[in-house]
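The values are calculated or read from the model by the stated rules, or taken from the named source; none is laboratory data. Worth saying up front: this structure is predicted, and the values here are computed from it rather than measured. Here Cβ is always computed from backbone atoms with ideal geometry, including for glycine, and neighbour counts include all displayed protein chains.
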(Lines give C-alpha, C1' and ligand atoms only; values in the text may rest on other atoms or scores of the structure.)
Protein backbone atom coordinates (compact mmCIF):
# COMPACT_ATOMS: atom_id res chain seq x y z
CA UNK A 1 0.00 0.00 0.00
CA UNK A 2 1.32 3.43 -0.95
CA UNK A 3 2.12 5.62 1.97
CA UNK A 4 0.63 9.15 1.78
CA UNK A 5 3.06 11.95 2.50
CA UNK A 6 2.87 13.45 5.92
CA UNK A 7 1.52 17.04 5.78
CA UNK A 8 3.81 19.67 7.19
CA UNK A 9 2.90 21.34 10.44
CA UNK A 10 1.74 25.00 10.36
CA UNK A 11 5.01 26.14 11.88
CA UNK A 12 6.93 24.50 9.04
CA UNK A 13 4.92 26.25 6.30
CA UNK A 14 6.73 29.36 5.05
CA UNK A 15 4.68 32.48 5.53
CA UNK A 16 5.58 34.00 2.20
CA UNK A 17 5.00 30.85 0.11
CA UNK A 18 1.87 29.12 -1.12
CA UNK A 19 0.16 27.10 1.65
CA UNK A 20 0.68 23.34 1.66
CA UNK A 21 -2.25 20.88 1.91
CA UNK A 22 -2.93 19.60 5.40
CA UNK A 23 -4.52 16.33 4.24
CA UNK A 24 -5.73 14.42 1.24
CA UNK A 25 -9.11 12.91 0.59
CA UNK A 26 -9.75 9.30 -0.39
CA UNK A 27 -9.12 10.12 -4.03
CA UNK A 28 -5.80 11.86 -3.36
CA UNK A 29 -7.02 15.46 -3.73
CA UNK A 30 -5.28 17.97 -1.43
CA UNK A 31 -7.18 19.65 1.39
CA UNK A 32 -6.14 23.05 2.72
CA UNK A 33 -6.80 24.68 6.10
CA UNK A 34 -8.10 28.29 6.29
CA UNK A 35 -7.76 30.37 9.44
CA UNK A 36 -11.13 30.80 11.16
CA UNK A 37 -12.85 34.17 10.68
CA UNK A 38 -13.86 35.82 13.97
CA UNK A 39 -17.58 36.16 14.50
CA UNK A 40 -18.83 39.51 13.34
CA UNK A 41 -15.67 40.29 11.40
CA UNK A 42 -16.09 41.51 7.85
CA UNK A 43 -14.04 39.90 5.13
CA UNK A 44 -11.22 42.09 3.95
CA UNK A 45 -11.58 43.48 0.48
CA UNK A 46 -9.19 45.32 -1.70
CA UNK A 47 -9.43 49.15 -1.38
CA UNK A 48 -11.38 50.92 -4.09
CA UNK A 49 -10.38 54.29 -5.46
CA UNK A 50 -12.85 56.86 -6.81
CA UNK A 51 -11.49 59.65 -8.96
CA UNK A 52 -13.47 62.90 -9.03
CA UNK A 53 -12.90 65.67 -11.49
CA UNK A 54 -14.48 69.05 -12.10
CA UNK A 55 -14.23 71.62 -14.78
CA UNK A 56 -11.46 74.17 -14.46
CA UNK A 57 -13.90 76.96 -15.32
CA UNK A 58 -17.64 77.00 -14.51
CA UNK A 59 -19.99 76.36 -17.37
CA UNK A 60 -21.54 79.60 -18.57
CA UNK A 61 -25.32 79.64 -18.62
CA UNK A 62 -26.85 80.63 -21.94
CA UNK A 63 -28.34 84.12 -22.03
CA UNK A 64 -31.31 84.73 -24.29
CA UNK A 65 -31.30 87.74 -26.65
CA UNK A 66 -34.17 89.30 -24.67
CA UNK A 67 -32.25 89.13 -21.36
CA UNK A 68 -29.11 90.40 -23.07
CA UNK A 69 -31.01 93.39 -24.47
CA UNK A 70 -32.52 94.23 -21.07
CA UNK A 71 -29.12 93.89 -19.42
CA UNK A 72 -27.56 96.32 -21.89
CA UNK A 73 -30.43 98.77 -21.43
CA UNK A 74 -30.05 98.63 -17.64
CA UNK A 75 -26.34 99.37 -17.92
CA UNK A 76 -27.20 102.36 -20.08
CA UNK A 77 -29.92 103.67 -17.76
CA UNK A 78 -28.09 102.94 -14.49
CA UNK A 79 -24.34 103.04 -15.17
CA UNK A 80 -23.55 103.37 -11.45
CA UNK A 81 -24.99 99.91 -10.66
CA UNK A 82 -22.71 96.88 -10.56
CA UNK A 83 -24.79 94.36 -12.51
CA UNK A 84 -23.63 90.81 -13.22
CA UNK A 85 -23.82 89.23 -16.66
CA UNK A 86 -27.47 88.70 -17.53
CA UNK A 87 -28.76 90.85 -14.65
CA UNK A 88 -31.17 93.65 -15.44
CA UNK A 89 -33.29 96.13 -13.50
CA UNK A 90 -36.97 95.26 -13.15
CA UNK A 91 -38.03 98.36 -11.24
CA UNK A 92 -36.33 101.46 -9.85
CA UNK A 93 -38.13 102.54 -6.68
CA UNK A 94 -37.74 106.21 -5.85
CA UNK A 95 -38.98 108.23 -2.93
CA UNK A 96 -42.28 110.08 -2.95
CA UNK A 97 -42.04 113.87 -3.48
CA UNK A 98 -43.86 114.43 -0.18
CA UNK A 99 -40.53 114.09 1.59
CA UNK A 100 -39.26 117.22 -0.16
CA UNK A 101 -41.94 119.47 1.32
CA UNK A 102 -40.17 120.24 4.62
CA UNK A 103 -36.70 121.08 3.25
CA UNK A 104 -38.21 123.21 0.48
CA UNK A 105 -40.49 125.07 2.89
CA UNK A 106 -37.63 125.73 5.33
CA UNK A 107 -35.44 127.00 2.51
CA UNK A 108 -38.15 129.37 1.23
CA UNK A 109 -38.90 130.61 4.76
CA UNK A 110 -35.30 131.50 5.63
CA UNK A 111 -34.62 133.08 2.24
CA UNK A 112 -37.73 135.23 2.62
CA UNK A 113 -36.76 136.14 6.20
CA UNK A 114 -33.26 137.23 5.24
CA UNK A 115 -34.55 139.22 2.25
CA UNK A 116 -37.09 140.95 4.48
CA UNK A 117 -34.39 141.92 6.96
CA UNK A 118 -32.25 143.30 4.16
CA UNK A 119 -35.07 145.49 2.82
CA UNK A 120 -36.20 146.79 6.19
CA UNK A 121 -32.85 147.04 7.92
CA UNK A 122 -33.19 150.84 8.43
CA UNK A 123 -36.50 150.46 10.26
CA UNK A 124 -35.09 147.61 12.31
CA UNK A 125 -32.02 149.64 13.27
CA UNK A 126 -34.14 152.63 14.34
CA UNK A 127 -36.41 150.42 16.43
CA UNK A 128 -33.34 149.06 18.18
CA UNK A 129 -32.01 152.56 18.83
CA UNK A 130 -29.09 152.23 16.41
CA UNK A 131 -28.88 155.52 14.50
CA UNK A 132 -25.64 154.71 12.68
CA UNK A 133 -26.52 151.57 10.77
CA UNK A 134 -23.97 149.76 8.56
CA UNK A 135 -23.67 150.83 4.97
CA UNK A 136 -26.21 149.42 2.50
CA UNK A 137 -23.38 147.67 0.64
CA UNK A 138 -22.28 145.66 3.68
CA UNK A 139 -25.91 144.78 4.51
CA UNK A 140 -26.50 143.60 0.96
CA UNK A 141 -23.30 141.55 0.90
CA UNK A 142 -24.01 139.88 4.25
CA UNK A 143 -27.62 139.13 3.32
CA UNK A 144 -26.62 137.71 -0.05
CA UNK A 145 -24.09 135.38 1.56
CA UNK A 146 -26.67 134.17 4.07
CA UNK A 147 -29.22 133.54 1.31
CA UNK A 148 -26.59 131.63 -0.67
CA UNK A 149 -25.78 129.45 2.32
CA UNK A 150 -29.47 128.71 2.89
CA UNK A 151 -29.95 127.80 -0.77
CA UNK A 152 -26.92 125.49 -0.69
CA UNK A 153 -28.22 123.82 2.45
CA UNK A 154 -31.65 123.32 0.88
CA UNK A 155 -30.11 121.91 -2.29
CA UNK A 156 -28.01 119.44 -0.28
CA UNK A 157 -31.10 118.30 1.65
CA UNK A 158 -33.02 117.72 -1.60
CA UNK A 159 -30.02 115.98 -3.21
CA UNK A 160 -29.55 113.62 -0.25
CA UNK A 161 -33.26 112.77 -0.21
CA UNK A 162 -33.50 112.00 -3.94
CA UNK A 163 -30.28 109.95 -3.94
CA UNK A 164 -31.79 107.33 -1.67
CA UNK A 165 -32.83 104.68 -4.20
CA UNK A 166 -34.08 101.12 -4.26
CA UNK A 167 -33.59 98.82 -7.26
CA UNK A 168 -35.11 95.41 -7.95
CA UNK A 169 -33.28 93.22 -10.45
CA UNK A 170 -33.90 89.68 -11.66
CA UNK A 171 -31.24 88.47 -9.20
CA UNK A 172 -31.06 90.83 -6.24
CA UNK A 173 -32.27 93.92 -4.43
CA UNK A 174 -29.91 96.92 -4.39
CA UNK A 175 -30.46 99.76 -1.92
CA UNK A 176 -28.46 102.97 -2.12
CA UNK A 177 -28.48 104.92 1.13
CA UNK A 178 -27.34 108.57 1.16
CA UNK A 179 -27.31 109.99 4.68
CA UNK A 180 -25.23 113.12 4.05
CA UNK A 181 -23.18 114.85 1.40
CA UNK A 182 -20.16 112.60 1.98
CA UNK A 183 -21.80 109.48 3.41
CA UNK A 184 -23.02 106.82 1.00
CA UNK A 185 -23.85 103.13 1.52
CA UNK A 186 -24.91 100.44 -0.94
CA UNK A 187 -26.56 97.20 0.21
CA UNK A 188 -27.14 94.22 -2.08
CA UNK A 189 -29.32 91.25 -1.10
CA UNK A 190 -29.81 88.20 -3.29
CA UNK A 191 -33.42 87.27 -3.97
CA UNK A 192 -32.77 83.76 -2.67
CA UNK A 193 -31.96 85.17 0.81
CA UNK A 194 -35.15 87.24 1.16
CA UNK A 195 -37.47 85.54 3.63
CA UNK A 196 -40.19 88.16 4.01
CA UNK A 197 -41.21 91.34 2.17
CA UNK A 198 -43.98 93.65 3.40
CA UNK A 199 -45.15 97.27 3.25
CA UNK A 200 -46.59 99.63 5.81
CA UNK A 201 -48.82 102.69 5.47
CA UNK A 202 -49.79 104.71 8.50
CA UNK A 203 -52.09 107.71 8.79
CA UNK A 204 -54.48 109.53 6.51
CA UNK A 205 -51.77 111.39 4.60
CA UNK A 206 -49.88 108.24 3.56
CA UNK A 207 -53.10 106.52 2.56
CA UNK A 208 -54.41 109.47 0.53
CA UNK A 209 -51.10 110.16 -1.22
CA UNK A 210 -50.33 106.43 -1.60
CA UNK A 211 -46.88 106.25 -0.13
CA UNK A 212 -45.34 104.30 2.73
CA UNK A 213 -42.44 102.08 3.76
CA UNK A 214 -41.33 98.68 2.50
CA UNK A 215 -39.50 96.20 4.70
CA UNK A 216 -37.33 93.20 3.81
CA UNK A 217 -36.01 90.52 6.15
CA UNK A 218 -33.36 87.98 5.20
CA UNK A 219 -32.63 84.42 6.29
CA UNK A 220 -29.76 83.46 8.55
CA UNK A 221 -28.47 86.70 10.03
CA UNK A 222 -32.03 88.08 10.44
CA UNK A 223 -31.09 91.43 8.92
CA UNK A 224 -33.93 93.87 8.22
CA UNK A 225 -33.87 96.42 5.40
CA UNK A 226 -36.28 99.37 5.34
CA UNK A 227 -36.97 101.97 2.67
CA UNK A 228 -39.27 104.91 3.50
CA UNK A 229 -41.39 107.28 1.40
CA UNK A 230 -42.02 104.68 -1.32
CA UNK A 231 -44.59 105.55 -3.98
CA UNK A 232 -47.28 102.85 -4.33
CA UNK A 233 -45.67 100.44 -1.84
CA UNK A 234 -48.32 97.76 -2.35
CA UNK A 235 -47.50 97.40 -6.04
CA UNK A 236 -43.77 97.46 -5.35
CA UNK A 237 -44.04 94.63 -2.82
CA UNK A 238 -46.21 92.58 -5.20
CA UNK A 239 -43.57 92.91 -7.92
CA UNK A 240 -40.83 92.03 -5.45
CA UNK A 241 -42.63 88.94 -4.11
CA UNK A 242 -43.28 87.67 -7.64
CA UNK A 243 -39.61 88.07 -8.49
CA UNK A 244 -38.48 86.27 -5.32
CA UNK A 245 -40.88 83.37 -5.91
CA UNK A 246 -39.82 82.98 -9.54
CA UNK A 247 -36.11 83.15 -8.67
CA UNK A 248 -36.36 80.54 -5.89
CA UNK A 249 -38.36 78.17 -8.12
CA UNK A 250 -35.90 78.44 -10.97
CA UNK A 251 -38.22 80.29 -13.32
CA UNK A 252 -37.05 83.26 -15.38
CA UNK A 253 -37.68 86.57 -13.64
CA UNK A 254 -38.98 88.84 -16.39
CA UNK A 255 -41.43 91.55 -15.38
CA UNK A 256 -42.59 94.43 -17.52
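General remarks:
- Between 183, 190, the distinction of being within 13 Å of the chain's Cα centre (by Cα), without any contact (Cβ under 8 Å) to a residue 24 or more places away in the chain and not assigned by TED's automatic domain parsing to the domain that holds residue 107 belongs to 190 only.
- Among the residues of region 96-111, at least one is closer than 19 Å to residue 206 by Cα, crowded, with 16+ Cβ neighbours inside 10 Å, free of Cβ contacts under 8 Å to residues at least 60 places away in the same chain and in contact with a helix residue (DSSP H, G or I) (Cβ under 6 Å, 6 or more places away or on another chain).
- Every residue from region 199-236 that is farther than 28 Å from residue 157 by Cα and either touching a residue at least 40 places away in the same chain (Cβ under 8 Å) or part of a strand (DSSP E or B) (or both): 217, 218
- Only one entry in 199, 227, 167, 140 is buried (at least 17 other Cβ atoms within 10 Å of the Cβ) and touching a helix residue (DSSP H, G or I) at 6+ places or on another chain (Cβ under 8 Å), namely 199.
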